[in-house]
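A short worksheet on the structure shown next.
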Amino acid sequence: MKLIITDDYKALSVASAKMVADTINQKQTTVLGLATGSTPVGLYQELISLYINKQVDFSHVTTFNLDEYVGLSPGHPQSYHKFMYDNFFNHVNISQENIHIPKGDNPELEEECAQYEEKIESVGQIDIQVLGIGENGHIGFNEPGSDPNGCTSLVKLSESTVEANARFFGDKELVPRLAISMGLKTILDSSKHVLLLASGEKKAGALYQMVYGEVSEDVPATFLQHHRNVTVIADKDAAKKLPKSDLIAGL
Ligand code: F6R
């Protein structure tokens with residue numbers, strides 16, 4: 001696992017965007033795995049700037065998002081569909097048909113999960129999978145207790161995730177309790193390179209566990225210790241608990 005610490009969130013966003021853009025510039029048909037939430041917003045802004053400055057081209061790129069809330073239509077203000085279009089897809093030259101996000105409003109949810117997993121398998125490999133990390137160590141919506149052999153499936157959000165995400169909905173009661181998420185196995189097996197981003201002191205405990213904790217279902221991110229190519233970019237606050245000697249200075 002390669003650990004990169006940056007001074008602040010802006011530097012984290014610039015460094016992660018450079019890594020994603022470099023991957024695309026080496027392979028035009030890159031398959032990107034994408035996350036939502038607060039952490040990657042800066043990454044998306046930096047990628048949009050690189051696109052405007054003609055330093056990256058998304059026309060042959062394919063994307064797969066990690067997850068979507070069950071019951072929200074793509075147009076719902078808090079859906080991950082809308083998040084991705086508002087924060088990224090609407091601002092770059094990505095082809096609509098290359099964008100994949102689970103459909104949380106499909107009445108056939110099990111079928112939706114199976115088809116999503118098949119689509120990922122059909123592209124062969126995700127070249128670079130962007131991840132955030134939950135305060136409880138979740139990745140995607142794989143909450144503590146998730147099966148490390150799990151594929152894309154219907155998952156129940158933990159109480160702490162509902163509370164953490166209530167800030168987007170204004171009211172905790174409005175946060176959906178179910179989601180579709182790529183499974184831990186999907187993430188671990190399909191990703192050639194995992195790029196995990198962590199920002200802020202609230203993530204310090206989860207990040208420490210992920211890197212140094214015992215690999216356990218209690219902290220799903222610890223399974224990344226089994227992956228051969230993981231880069232973590234964390235800002236100083238998130239990296240607070242990591243021993244300084246293990247960190248690579250910010251880019
Ligand atoms: C989002 C996702 C989640 C988030 C995590 C951190 O697609 O899969 O695992 O990455 O909940 O969220 P933020 O970045 O909002 O702290």
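The values are calculated or read from the model by the stated rules, or taken from the named source; none is laboratory data. Just so it is clear, the model here is predicted, and its values are computed rather than measured. For neighbour counting, all protein chains shown are included, and Cβ atoms are generated from backbone atoms with ideal geometry for every residue, glycine included. Heads up: the accessible areas ignore ligands, DNA and RNA and are worked out on the full protein's heavy atoms, side chains in. Shrake-Rupley method; radii C 1.70, N 1.55, O 1.52, S 1.80 Å.
Global dimensions of the stretch 119-199 from alpha-carbon coordinates: Rg and Dmax equal 13.5, 40 Å. Structure remark: mean-square fluctuation, Gaussian network model of the chain, C-alpha springs under 10 Å; the largest value among HIS100, HIS138, HIS81 belongs to HIS100. Picking from MET19, MET84, MET210, which is most flexible by a Gaussian network model of the chain using Cα springs under 10 Å? Judging by the Gaussian network model, the answer is MET19. In order along the stretch 105-122, phi translates into HN-Hα couplings of 9, 6, x, 9, 5, 4, 5, 4, 4, 4, 5, 5, 4, 4, 4, 5, 4, 5 Hz, rounded to whole numbers, per the Karplus curve 6.51 cos²θ - 1.76 cosθ + 1.60 with θ = phi - 60° and x for Gly and Pro. Summed over the residues of the stretch 149-201 and divided among them, the accessible surface reaches 42 Å² per residue at a probe radius of 1.4 Å.
Roughly how compact is the stretch 52-191, stated as its Cα Rg over 2.2 N^0.38 Å to two decimals?
In units of the globular-protein estimate, the stretch 52-191 measures up at 1.05.
Pair-distance distribution P(r) for the chain, from all Cα-Cα distances in 10 Å bins starting at 0: 8, 33, 39, 19, 1, 0 percent. The 3J(HN,Hα) values that the Karplus relation (6.51, -1.76, 1.60; θ = phi - 60°) gives for the stretch 30-38 are, in residue order, 3, 9, 9, x, 10, 10, 10, x, 6 Hz. Gly and Pro appear as x.
Among LEU131, LEU178, LEU34, the residue with the largest mean-square fluctuation in a Gaussian network model of the chain, with springs joining Cα atoms closer than 10 Å, is LEU178. The H on the amide N of SER216, modeled in the peptide plane, is under 5 Å from the matching H of THR222, PHE223, each at least 5 residues off or on a different chain. Along the chain, the exposed loop sites are GluC sites (Glu not before Pro) outside DSSP states H, G, I, E and B with at most 12 other Cβ atoms within 10 Å, and the longest stretch free of them is 1-107.
Note on the chain: antiparallel DSSP beta bridges, both residues inside, total approximately 30 percent of the bridges counted. Scanning residues 5 or more positions from ILE101 or on other chains, those with amide H under 5 Å from its amide H are ASN65, with H placed 1.01 Å from N in the peptide plane. Put simply, the amide H of VAL232, placed in the peptide plane, has neighbours under 5 Å in LYS2, LEU3, ILE4, LEU196, leaving out anything fewer than 5 places away on its chain. The residues of the stretch 6-122 expose, per residue, 45 Å² of accessible area to a 1.4 Å probe. The accessible surface of the stretch 37-148, taken with every protein chain in place and a 1.4 Å probe, is 47 percent carbon and sulfur.
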